[in-house]
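Below is one structure, written out as structure tokens, with a few remarks after it.
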Amino acid sequence: MLSVLLDTSFCIRLLKKDESLHQNAIDYFQYFLEHNVELYVSTITIAEYSVKDDPNNLPLKTVKIIPFDFFDGRTAGEFHSILLEHKSQLQKIDRNVIIDDCKLIAQLFNRKIEGYITNDQKSFKQIIKPLIEAKGFSIELFDLSVSLKDFKRELF
């Protein structure tokens, strides 16, 4: 794997030492850096992160910032339309979360980013899986609640 998109939940846990998944975030981050995985953060993630902390605290020297552009907007709209066909599965997810996740997955899709790391397990099954099935692409999903050690054990 050559590239990973960092979700807001990952960024929060990477920088907040009192978060329960802080060490998992540190371990994954170090692993990605050691294996020369290109790390991406979206301007959408930066906006979400900025609600609680200064985005200058993000590891901006080691990540590439990707802006949300016209093509991402068009793809996100298509993705949201696909999810509306599965509306019954999305009733317990905040509409804004769905919209923002569609935007992030659109950026990942358009730029052919291979991985996505988040702590939002709901999005795996209810948002990402239907989009992968509908569009026929693949993503390596990293669940931040699974330690790197346990994740690596699952690979072998």
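A few remarks follow.
- Which listed residue, of Ile12, Ile26, Ile46, is β-branched (Val, Ile, Thr), farther than 19 Å from Phe142 by Cα and touching a residue at least 12 places away in the same chain (Cβ under 8 Å): Ile46
- Any hit, the range 71-85, residues being in contact with a strand residue (DSSP E or B) (Cβ under 6 Å, 6 or more places away or on another chain) and either within 17 Å of Ile127 (Cβ to Cβ) or among the aliphatic types (A, V, I, L, M) (or both): no
- Pairs, first assigned to a helix (DSSP H, G or I) in the range 125-136, second surrounded by 16 or more Cβ atoms within 10 Å (Cβ to Cβ) and not aliphatic (A, V, I, L, M), C-beta under 6 Å, six or more apart: Ile127/Asp101; Leu131/Phe79
Here is a yes/no grid of residues against (1) over 21 Å from Ile12 (Cβ atoms); (2) at pLDDT below 95:
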| residue | (1), (2) |
| --- | --- |
| Lys52 | no, yes |
| Lys64 | no, no |
| Asp69 | yes, no |
| Thr75 | yes, no |
| Ile82 | yes, yes |
| Leu90 | yes, yes |
| Asp100 | no, yes |
| Lys112 | yes, no |
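- The set of residues in the range 54-81 being of a type outside the set (Asp, Glu) and crowded, with 16+ Cβ neighbours inside 10 Å consists of Pro55, Leu58, Val63, Ile66, Phe68, Thr75, Ala76, Phe79, His80.
- Residue count for the range 26-56 satisfying the condition of being in a loop (DSSP other than H, G, I, E, B), over 15 Å from Met1 (Cα atoms) and under 17 Å from the mean Cα position of the chain (by Cα): 1.
The values are calculated or read from the model by the stated rules, or taken from the named source; none is laboratory data. Since we're looking at a predicted model, the values are computed, not measured. With ideal geometry, Cβ positions are generated from the backbone for all residues, glycine too; neighbour counts draw on all protein chains shown.
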